[in-house]
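The values are calculated or read from the model by the stated rules, or taken from the named source; none is laboratory data. Values in this document were obtained by computation on a predicted structure and should not be read as measured data. Here the Cβ positions follow ideal geometry from the backbone for every residue, glycine too, while neighbour counts run over all protein chains shown. Surface accessibility is based on the protein's heavy atoms, side chains included, excluding ligands, DNA and RNA. Shrake-Rupley method; radii C 1.70, N 1.55, O 1.52, S 1.80 Å.
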Amino acid sequence: MTELDHQDDAHPEVADFDAFFAEQTRPAPQGLPLRLFGRSYTLPPRMTTLFALQLQRVHTSARPDDIRRLLGALFGPDAIGDWVEHGMDDRQFGIVLLWSTSNMGAPGSLTMEQAAAEYDAREAAQATAGKARPRPRPKGKGKRKSSGKRS
């Protein structure tokens, strides 16, 4: 029984999510496999709670331990060390993360080429945004104040 049954108003029956989810008989989805630096990984078929929580944490932190935990939730605890040993650069890292997060819940939704193009576009936009910012003038430098008199 999956709904709350009230035997009497004083003692309701427990909402049994175990029984409810067991009734939801669907074949278990398969995660998307990938190979990187000679190792095989399988993405979770859905975003796990651990990954979602770690992703939230990484948005507010750039600590290497937080990033390592995020990747551990997807690829296992040794993945980042293996990737570093193989010389993965920041572009490769970004492409793998874009591809993985897109394909975790919807396999085939983003190709490796599309992930690379998206990563490059984001990097270009950041570089352009960095150049477009006006630089503040240092105090005490620049044009001298005019007395207002013409010479």
So the label point goes 7 Å from the Cα of residue 92 along Cα→C-beta, right? Which residues of the stretch 38-81 then have their backbone N under 16 Å from it?
38-41, 79-81
Extension gain from residue 26 to residue 120, taking 0.36 nm per residue of separation minus the Cα-Cα distance
30.0 nm
Expressed as a whole percentage, what fraction of the accessible surface of the stretch 25-105 belongs to carbon and sulfur atoms when a 1.4 Å probe is rolled over the protein heavy atoms?
54 percent
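What number comes out for the charge environment of residue 51, summing +1 per Lys or Arg and -1 per Asp or Glu over other residues with Cβ under 12 Å away? The partial results should precede the final answer.
Numbers: positive: 46, 57, 69; negative: none.
Summing Lys/Arg as +1 and Asp/Glu as -1 gives +3.
So, for the stretch 1-126, what is the accessible surface per residue at a probe of 1.4 Å, expressed in square angstrom? Mind showing how you got there, number by number?
Details: 8760 Å² over 126 residues.
Counting only protein heavy atoms, the per-residue value for the stretch 1-126 is 70 Å².
Round to the nearest 0.05 the FRET efficiency obtained for residue 63 and residue 18 when R0 = 35 Å and r is the Cβ-Cβ distance. Display every interim value, and only then the final one.
On the way: r = 36 Å, r/R0 = 1.03.
Result of the calculation: an efficiency of 0.45.
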Given the options 33, 14, 51, identify the residue whose Cα lies farthest towards the positive end of the charge dipole of the stretch 1-107 (+1 on Cβ of Lys, Arg; -1 on Cβ of Asp, Glu).
33
Can you list residues whose amide H is under 5 Å from residue 46's amide H, if they're 5+ apart or on another chain and H is modeled 1.01 Å from N?
none
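Inverting the mean 1/r over all pairs of different Cα atoms, compute the Kirkwood radius of the stretch 24-118 and quote it in Å. Show your work: numbers first, answer last.
On the way: mean 1/r = 0.0713 Å⁻¹.
Result for the stretch 24-118, one decimal place: 14.0 Å.
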